[in-house]
Amino acid sequence: MRAEAPPPEVVVRAMRRRHLPGVLAIEHRVHHPPWSAGTFAAELAAGDGRRYLVAQQPRGWRTRVVGYAGMLTGGGEAHVSTVAVDPDAQRRRVATRLLVRLLAEARELGVERASLEVRASNRGAQRLYSRFGFAPVGLRPRYYPGDGEDALVMWLDDLQSDAYAARLARQAARVAAADAGADERADAARGGRR
Ligand SMILES: CC(C)(COP(=O)(O)OP(=O)(O)OC[C@H]1O[C@@H](n2cnc3c(N)ncnc32)[C@H](O)[C@@H]1OP(=O)(O)O)[C@@H](O)C(=O)NCCC(=O)NCCS
């Protein structure tokens, strides 16, 4: 049996304007209606209180954006404004990596509680968020422009607690375990070729 090729290493870093072409290419594939280049540029320019991250993978001697996430913070609260992963890179813990880093930064900023909206039909994203402790608290009817779908509002409390630090550590460990599995598959693939 042929060993599966390992996913190339994913790195999470602060989003910059130079990342926007890659970000927008994903945005147009996954969000309807998408945010515009102007919206992302304005968020990046707004500075304090905003954190935007990209996940990148090596591609030849360059890198490509495979996902991104962002939040607004203020008054001890954060609002997760966007999370998206390239459809070709989904279910490889890219969003998990982004949320581990984003919520760790929220803790460092002293944030106590965080909220987000997610499409009522988007069970995959809701499952992802529940892994990070977000719980549903209500619906915003016809929230999404275009198709008018309802948004589920989710909140996360106790970000500053030790229990939450342990939850984040568990999610980080899942990412590390996935990376270790990829390394083992790579070793097996190299061994098989000899
Ligand atoms: C939702 C989204 C961000 C998830 O990104 P991802 O990198 O594939 O997520 P991860 O691989 O980190 O998933 C972690 C866990 O979340 C849950 N999950 C994520 N996507 C899922 C899906 N499509 N169906 C069911 N569960 C899902 C699973 O529990 C998963 O763990 P598992 O793979 O071990 O079962 C991605 O599918 C996406 O960009 N979708 C389009 C945009 C969107 O919906 N954004 C979020 C709402 S604003």
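Among the residues of the range 26-39, are any part of a loop (DSSP other than H, G, I, E, B), among the aromatic types (Phe, Trp, Tyr) and under 23 Å from Ala151 (Cβ atoms)? Looking for residues that are part of a loop (DSSP other than H, G, I, E, B), among the aromatic types (Phe, Trp, Tyr) and under 23 Å from Ala151 (Cβ atoms), one finds at least one in the range 26-39, hence yes.
Which members of the range 160-181 meet the condition of being modelled with pLDDT of 95 or more and either more than 17 Å from the chain's Cα centre (by Cα) or at positive phi (or both)?
Gln160, Ser161, Asp162, Ala163, Tyr164, Ala165, Ala166
Among the residues of the range 85-106, those identified as within 6 Å of the ligand (Cβ to nearest atom), within 21 Å of Met71 (Cα to Cα) and not in a helix (DSSP H, G or I) are Val85, Gln90, Arg93.
Are any residues in the range 107-165 assigned to a helix (DSSP H, G or I) and closer than 25 Å to Gly49 by Cβ, and if so, which ones? Walk me through how you get there before you give the answer.
Initially, the range 107-165 is screened for residues assigned to a helix (DSSP H, G or I), giving 107-108, 123-131, 162-165.
Passing the criteria: Arg107, Glu108, Ala125, Leu128, Tyr129, Tyr164, Ala165.
Within the range 128-147, the set of residues being at pLDDT 95 or above and among the small types (Gly, Ala, Ser) comprises Ser130, Gly133, Ala135, Gly138.
Do we have any residue at all in the range 113-125 that's at pLDDT 95 or above, among the basic types (Lys, Arg), within 13 Å of the ligand (Cβ to nearest atom) and over 21 Å from His32 (Cβ atoms)?
Within the range 113-125 (the criterion being at pLDDT 95 or above, among the basic types (Lys, Arg), within 13 Å of the ligand (Cβ to nearest atom) and over 21 Å from His32 (Cβ atoms)), the answer is no, since none of the residues qualifies.
Name the residue that is surrounded by the most Cβ atoms within 10 Å (Cβ to Cβ), counting only residues in the range 139-165 that are within 17 Å of Leu102 (Cβ to Cβ) and not hydrophobic (A, V, I, L, M, F, W, C). Quick ask: steps written out before the conclusion?
From the range 139-165, those within 17 Å of Leu102 (Cβ to Cβ) are 154-160, 164-165; that's our starting set.
Narrowing the set further to residues that are not hydrophobic (A, V, I, L, M, F, W, C) leaves 157-158, 160, 164.
Details: Asp157: 13, Asp158: 12, Gln160: 14, Tyr164: 18.
Residue satisfying both the conditions and the ranking: Tyr164.
The values are calculated or read from the model by the stated rules, or taken from the named source; none is laboratory data. This one's a predicted model, so the numbers in the text were calculated from it and none came from an experiment. Note that we place each Cβ from the backbone using ideal geometry, even for glycine, and neighbour counts take in every protein chain shown.
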